[in-house]
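Nothing in this text is a laboratory measurement; each read-out follows from the coordinates by a stated rule. The model shown is predicted, which means the values in this text are computed figures rather than measured ones. Note: ideal-geometry Cβ built from the backbone for every residue, glycine included; neighbour counts use all protein chains shown.
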Amino acid sequence: MPSSPASSDGPRVWTDSHCHITHDGVGSHAVDEARQAGVTRLVTIGTDVGLHPHDAAQGVDSIVPVLEEGLTQGSVVAVGECGLDYHYDHSPRPVQRDAFAAQIALARRHDLALVIHTRQAWDDTFAILSAEGVPERTVFHCFTGGPDEARRCLGLGAWLSFSGIVTFPNAGDVRAAAAMCPLDRLLVETDSPFLAPVPHRGRPNRPSLVPVVGAGVAQVRGVPVPAVEEATWASAEAAFRLQGRAGPV
């Protein structure tokens, strides 16, 4: 596993593997606030370029110019978040499936990580990945499954990214998945401004709260917090090829 600049005796160094720092409720001060909390790398919407399943009806062609510009500038590390959301169904399911398949192809074509959003759609998510071919670097963002889904994801060689949900009282399945996920396949995120961890529920989430998520993961695994800090730093480097990068990436 690649070494992290953090250590149990040194400064805290975390990566927020998924956040929306330009979203209402976060604000431009979020980066400085995160840095002060030891969160020195942020994978943000913009460095991830994709069509959310809610917006799938807009068509994948709508994101291609943004993706191509980001590739030219070297600022894009992933395609996403993309996938299937059968909870809200803001776009028709067949349209969601087509958009997801097209974005898998984009990730494979450009050798980018694929960041997946899946909600109440596990079987179709796995079926489309099987049909299209799983990108070498695939991340299940804001993982909401249990151990069974985790094993299926890990069997594909994917990373699991855990959010503040891991601290919610009713999220026993998510905690069980976090407990069994290998450290070198584990990421932490805020999904700011959503899903603030306990005890910050009811307020906008912020990247500076990644250490709270990491502490929740450490608790369910029965390991020191620095072990999760160092492992998730290395996992983010591997999943997104972040070596040598800091800040919003």
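Remarks
- Shape metrics for the range 106-154, restricted to C-alpha atoms - Rg then Dmax, Å: 10.7, 31
- Based on DSSP H segments of at least four residues, each scored -39500 (n - 2.57), the chain has a per-residue ellipticity at 222 nm of -11500 deg cm²/dmol.
- Translational diffusion of the range 112-193 was estimated from the Stokes-Einstein equation, with Rh taken as the Kirkwood radius over Cα pairs; at 20 °C and 1.002 mPa s the coefficient is 168 µm²/s.
- The range 1-135: projected area of the alpha-carbon convex hull, averaged over directions, in nm²: 10.1 nm²
- Angle between the chain longest axis and helix 122-132 axis [Cα atoms, degrees, rounded to 10]: 60 degrees
- Put simply, the Cα atoms of the range 150-246 extend 33, 30, 24 Å along their principal axes, the longest span coming first.
- Helix 225-240 and the longest principal axis of the C-alpha atoms of the chain enclose an angle of approximately 30°.
- Sites listed here are chymotrypsin sites (Phe, Trp or Tyr not before Pro) in the range 10-105 whose DSSP assignment is loop and whose Cβ has at most 10 other Cβ atoms within 10 Å: Tyr88.
- Mean projected area of the convex hull spanned by the Cα atoms of the chain, taken over all viewing directions: 12.2 nm².
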